[in-house]
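Undergrad: Following this message is one structure expressed as C-alpha cells.
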Amino acid sequence: MLAFPKKSTILIPLVGVIIFISFYSQIENFFVFHPQAHFDATPEQMGLRYESISFKTDDGIKLHGWFFPLPGKSPVVLFCHGNGGNISHRLGNVEKLLSNGFQVFIYDYRGYGKSSGSPSREGLYSDGLAAYDYLVKKRSIPPDRIILFGRSLGAAVAMEIATKRPVSRLILESAFTSTKAVAQTMPLFALLSPFLPANYNNLKKVKDLNMPKLIIHGDRDEIIPFRMGEDLFEAAAAPKTFYVIKGAGHNDTWVIGGHQYFETLKRFIQS
C-alpha cells in the first residue's frame, strides 16, 4: 500500500519559501549593507588637500563626499566603495591614487557616513549617477577624463553608471556576478538560490559596455570567489584586461598588489 506524505510536510516548507521570497529584499539589504556613520579618519589627519562636497540625488537625498584635486587636467577617479564603513576607511587608498597622479572624488552612499537616507539597491544606483552628474555639471569635468572605479559592491554601482553615462574607462575590482550567484556559495541560502532574483546583475550588464575595462581580482578572495572575476572578464565586451593579484584577498588588493597594482592602473588609464 502506497504511503503519501502528509500535507503539512509539504505545506510548511512551501510557506517558508514563500515568506522568505516575500521578505527577500529586506533580507538581502541586511546582508549587503554595513554602513558606519562615524569617520575613523579625516583627510586633514593625513595631510591631504580636499574639498568637502554636498550634493543631491534626483529623489532628494543629500549625499556627502570628498573631492581631492590636483593641479592641471589629470584624470578624475570616481571612487565607488564597498558595502562596509564609509569614505574615511578608504583614505589610504585615496592617498596612493593621488600620489600616482589621479584626482579622486569619493562619496558615501545614502545611509553611510554623513549622507542622509537609508541604503537600497535602487538608491545606490541613484547615488552613483548623482556623483557622476556632480562632476560633469558642477565641476565641468568632461566624461573623457572620468575613470569609474568600483570595488566589491561599488563595482555594481560603477557598472550601473557606465550603462547610463559616458565615461573614459571602467575599473571593476573584487566584483561579483550577481547576488543570486553569491547566495549559491552560502550554505544558508544555497538551497533557496534558484528562487532568488539575480539582483545587481553585473554579468548581464558587462556584456554591453564598450568602453575599456580593467577587471581586478585577488586569487585568494575569501568573500567573492575568484571564479566570478573570471566570469565577468569572459563575458565582458572588448576592449578588456584581466589583472590577477596573486595572494590578495577581498579587501587588500591594493596593499598586496603594491607598486605593480598602481602601475597597472596607470598603464590602463593612460593607454
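Undergrad: Can you spot the aspartates and glutamates whose alpha carbon is less than 16 Å from LYS205's alpha carbon? Ignore those fewer than 8 places along the same chain.
TA: Answer for LYS205, where 16 Å is the Cα cut-off: GLU122, GLU160, GLU173, GLU230, ASP231, GLU234, listed by chain and number.
Undergrad: How high is the relative contact order of the range 107-262, in percent, counting Cα pairs under 8 Å that sit 6 or more residues apart?
TA: Over the range 107-262, the number comes to 17 percent.
Undergrad: For the range 200-216, what does the Karplus curve 6.51 cos²θ - 1.76 cosθ + 1.60, with θ = phi - 60°, yield as ³J(HN,Hα) per residue in whole Hz, taken in order and with x for Gly and Pro?
TA: My calculation for the range 200-216 gives 6, 7, 5, 4, 6, 5, 5, 5, 9, 9, 9, 6, x, 10, 10, 10, 10 Hz in order.
Undergrad: Working out 0.36 nm times the residue gap between LYS164 and LYS114, then minus their Cα-Cα distance, what length gain in nm do you get to one decimal?
TA: Details: separation 50, 0.36 × 50 = 18.00 nm, distance 2.59 nm.
Roughly 15.4 nm would be gained on extension.
Undergrad: From the phi angles alone, apply the Karplus equation (6.51, -1.76, 1.60; θ = phi - 60°) to the range 87-101 and give each ³J(HN,Hα) in whole Hz, x where the residue is Gly or Pro.
TA: Residue by residue, the range 87-101 yields 5, 5, 7, 10, 5, x, 5, 4, 4, 5, 4, 4, 5, 9, x Hz.
Undergrad: Each residue of the range 223-233 in turn: what ³J(HN,Hα) in whole Hz from Karplus with 6.51, -1.76, 1.60 and θ = phi - 60°, glycine and Pro shown as x?
TA: 10, 10, x, 3, 4, 5, x, 5, 5, 5, 5
Undergrad: Let me ask you something else. Normalised by the residues of the chain, what does the relative contact order come to in percent, with Cα pairs under 8 Å and at least six apart? Don't skip to the end; give the middle numbers.
TA: Details: 488 pairs, mean separation 37.0, N = 271.
Once normalised by length, the contact order is 14 percent.
Undergrad: Treat each spin label as a single point 7 Å out from the Cα along the C-beta direction, and report the GLN260 to ALA237 distance in nm.
TA: Placing both labels 7 Å beyond Cα along the Cβ direction yields 3.2 nm.
Undergrad: Turning to a different aspect of this structure: Checking a compactness column here: for the range 90-146, what do you get for Rg(Cα) / (2.2 N^0.38 Å), N being the number of residues? Walk me through the intermediate numbers first.
TA: Values: Rg = 12.9 Å, N = 57, 2.2 N^0.38 = 10.2 Å.
Relative to the rule-of-thumb radius for its length, the range 90-146 sits at 1.26.
Undergrad: In degrees between 0 and 90, to the nearest 10, how far off the longest principal axis of the chain does helix 121-133 point, with axes built from Cα atoms?
TA: Value to nearest ten degrees: 10.
Undergrad: Hey, another quick one. Using a Förster radius of 22 Å, what is the FRET efficiency between ARG49 and GLN270 based on their Cβ-Cβ separation? Nearest 0.05, please.
TA: Calculated transfer efficiency: 0.45.
Undergrad: Report, by chain and number, residues whose modeled amide H sits under 5 Å from the one on LYS240, excluding near sequence neighbours (fewer than 5 apart, same chain).
TA: LYS213
Undergrad: Once amide H atoms are placed 1.01 Å from N in the peptide plane, what residues at a sequence separation of 5 or more from ALA248, or on another chain, have their amide H within under 5 Å of its amide H?
TA: Placed amide hydrogens put ASP219, ARG220 under 5 Å from ALA248.
Undergrad: Give the shape of the range 52-196 as rounded, prolate or oblate, defined through the alpha-carbon gyration tensor: a ≥ b ≥ c are the square roots of its eigenvalues, a/c under 1.5 means rounded, and otherwise the shape is prolate if a/b is larger than b/c and oblate if not. Let's see the in-between values first.
TA: On the way: a/c = 1.87, a/b = 1.64, b/c = 1.14.
Cα axes put the range 52-196 in the prolate bin.
Undergrad: Oh, and also: Mind checking the full-extension length gain between PHE31 and LYS73? Use 0.36 nm per residue of separation minus the Cα-Cα distance, one decimal, nm.
TA: Numbers: separation 42, 0.36 × 42 = 15.12 nm, distance 3.96 nm.
This chain segment gains 11.2 nm when fully extended.
Undergrad: Next up: Let me have the relative contact order for the range 142-222, percent, based on Cα pairs under 8 Å that are six or more residues apart. If you can, show how the numbers build up before the last one.
TA: Working: 123 pairs, mean separation 25.9, N = 81.
With pairs under 8 Å counted, the relative contact order is 32 percent.
Undergrad: On a 0 to 90° scale, report how tilted helix 253-270 is relative to the longest principal axis of the chain, with both axes built from alpha carbons and the result rounded to the nearest 10.
TA: 60 degrees
No value in this document is a laboratory result; all are computed from the given coordinates. On a predicted model such as this, the values are computed, not experimentally measured, just so you know. Cβ coordinates were reconstructed from backbone atoms using ideal geometry, including for glycine residues, and neighbour counts include every protein chain displayed.
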